[in-house]
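As structure tokens, the structure follows; a few thoughts come after it.
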Amino acid sequence: LLNFLLWLCMSKQKSDQTPDDVEIPVEKKEFMDEFFAQIEEIRTSIDKIDENIGEIKRLYSVILSAPTSDQKTQDELEAVTNEIKKLANNARNKLKSIEQILASNTEERVSADIRIKKSQHAILAKRFVEVMTKYNEAQVEFRDKSKGRIQRQLEITGKTTTDEELEEMLDGGNAAVFTAGIMDSGISKQALSEIEARHKDIMRLESSIKELHDMFVDIAMLVENQGSIIERIESNMDQSVGFVERAVADTKKAAKFQQEARRPKLVIQPGFSRSGWKTSWPTS
């Protein structure tokens, strides 16, 4: 259905342009097979990232609900995080590769296959940014909740800190230095252990966020540059869906009309029968 709607989009664009504006060569299916294989691989990577985000959220919840850090859960979290990083790099690299190929096209006239490639590339780039934004939001939420747990543990010991003060303590990046600043508050060993665990969680998280930052910005800028393409695709897709719906409705009406036309009809005409009218059956 997606390919059919995409074809309708391309057809509409062709009909809106004059022959001097665009060249639509007849292309064989095999010519696009390699490209669509790449597109499918990128789409699969993005879908897998989306699935892994659900698992990441589950593990975040387990970590936040536990009083102390569980190594098994941490190992699972690290494995899923690395998988997301691997999939994201794969999707980003392939999107960048397609972008470079499209940018190297120097033809004055844009062929149908180039328009299809640009459209598919723009749609997937936007989808990639949406999924990575979802991942980043989950990370930020986990960081905020971890920081909140630290703040509550400090409040229990009678040591109150503002958000700015806590951020300064966390920005140090060294767990020993971080805990040394609160050792004199009479904090219990259990509370100190939880604070250290939350601090380590935050440090690991921030390392992951930094690793993905450049990739995220890279693709986000790509989508921003293609904003007009994406808007046009969405508009054409909406119009194409409406066209398909109207076409289906018109087809049903035509079929019904054809069935009714085939039925024999009693034709009543003025005549000289005893009743003043004569009847006959049409031959066609």
Problem - Flag for Asn89 being assigned to a helix (DSSP H, G or I), in contact (Cβ under 8 Å) with a residue 12 or more places away in the chain and under 22 Å from Lys126 (Cα atoms) - result: yes
Exercise for the section: Taking the residues in the stretch 74-103 that are under 20 Å from the mean Cα position of the chain (by Cα) and charged (D, E, K, R) as candidates, determine which candidate is surrounded by the most Cβ atoms within 10 Å (Cβ to Cβ). Expected result: Arg92
Completion exercise
Taking the stretch 152-184 and keeping residues within 23 Å of Leu64 (Cβ to Cβ), in a helix (DSSP H, G or I) and at pLDDT below 70 leaves Ala175, Phe178, Thr179
Exercise for the section: Look through Glu83, Glu55 and report the one residue that is assigned to a helix (DSSP H, G or I) and under 19 Å from Phe216 (Cα atoms). Expected result: Glu83
Fill in the blank from the handout: Across the stretch 56-73, the tally of residues that are surrounded by 14 or more Cβ atoms within 10 Å (Cβ to Cβ), within 14 Å of Ala197 (Cβ to Cβ) and in contact (Cβ under 8 Å) with a residue 60 or more places away in the chain stands at 4
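The values are calculated or read from the model by the stated rules, or taken from the named source; none is laboratory data. Values in this document were obtained by computation on a predicted structure and should not be read as measured data. Note that we place each Cβ from the backbone using ideal geometry, even for glycine, and neighbour counts take in every protein chain shown.
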